[in-house]
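The values are calculated or read from the model by the stated rules, or taken from the named source; none is laboratory data. Every value quoted in this text rests on a predicted model; they were computed, and no experiment measured them. As a convention, Cβ positions derive from the backbone with ideal geometry for all residues, glycine included, and neighbour counts pool all protein chains shown.
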Ligand code: DC
């Protein structure tokens with residue numbers, strides 16, 4: 001089936017910017033599917049740690065990525081039939097995900113798995129390269145960001161709500177390191193593409209950010225209907 005006509009909204013941006021929250025809310029509002037592409041990289045990291053595999057062996061990491069036995073269902077993530085929704089949210093998993101995401105073979109192994117989420121009636125997806133590499137023909141591309149300090153506070157709140165321990169100073173350092181690694185890698189680096197709209201959320205509420213995305217989407221939808 002040709003899925004190229006199925007609408008896609010991509011929301012790329014740095015770590016802890018809140019893009020996942022906004023993407024999920026917009027998907028819910030439009031009745032679209034949702035893909036958290038960062039979760040896939042985190043799942044590869046978790047599986048690699050479970051297997052005690054070598055984080056430098058790109059061939060083996062790609063093999064793990066290709067064979068991931070994962071199911072996204074009812075807001076839960078299952079790896080090998082076990083719920084790992086919270087396990088993949090640790091900083092350790094995020095850092096390992098960022099490291100292995102720099103290997104082209106790992107990225108290639110996850111490409112088709114991500115594109116398969118493009119199903120009717122539409123898809124909202126978040127990550128680093130959703131608009132640039134995975135869905136270059138997306139209807140609406142957004143680059144969502146916020147200051148590193150505000151992102152550290154958002155991540156802190158998220159981890160505490162999940163009952164995990166967290167320290168703002170350490171989180172800020174992790175975020176800055178992760179920004180640097182994700183932005184400077186040679187393949188699919190994090191950057192605002194020329195055709196992506198900038199959504200600066202440092203002083204926006206969740207509702208304001210959500211409304212901005214919906215209003216852009218409605219504008220595009222209205223134009224294609226004329
Ligand atoms: O969005 P996140 O923090 O859950 O993503 C974890 C890491 O995965 C991130 O630091 C870089 C990598 N990633 C990526 O390289 N490309 C994506 N599309 C999504 C995530």
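Residue pairs, Cβ under 7 Å, 6 or more apart or interchain, first in region 38-53 and within 11 Å of the ligand (Cβ to nearest atom), second part of a loop (DSSP other than H, G, I, E, B). List them.
41/101; 43/68; 44/68
Among the candidates 31, 59, which residue alone is away from the ligand (no atom under 16 Å from the Cβ), under 24 Å from residue 7 (Cα atoms), at pLDDT 95 or above and over 14 Å from the mean Cα position of the chain (by Cα)?
Result: 31 is the single residue among 31, 59 that is away from the ligand (no atom under 16 Å from the Cβ), under 24 Å from residue 7 (Cα atoms), at pLDDT 95 or above and over 14 Å from the mean Cα position of the chain (by Cα).
Does residue 65 satisfy the criteria of being within 22 Å of residue 131 (Cβ to Cβ) and within 19 Å of the chain's Cα centre (by Cα)?
The answer is yes for residue 65.
Just the residues that are surrounded by 12 or more Cβ atoms within 10 Å (Cβ to Cβ) and more than 25 Å from residue 210 (Cβ to Cβ), please, taken from region 181-190.
181, 183, 185, 187, 188, 189, listed by residue number.
Tally the residues that are within 17 Å of residue 110 (Cβ to Cβ) and either more than 16 Å from the ligand (Cβ to nearest atom) or more than 9 Å from the chain's Cα centre (by Cα) (or both), restricting the search to region 7-28.
Adding up the residues that qualify gives 2.
Consider region 120-176. How many of its residues are surrounded by fewer than 16 Cβ atoms within 10 Å (Cβ to Cβ), closer than 18 Å to residue 217 by Cα and away from the ligand (no atom under 15 Å from the Cβ)?
Here the count works out to 3.
Can you tell me which residue in region 100-119 is nearest to the ligand (Cβ to nearest atom), limited to those that are closer than 29 Å to residue 54 by Cα and crowded, with 19+ Cβ neighbours inside 10 Å?
101
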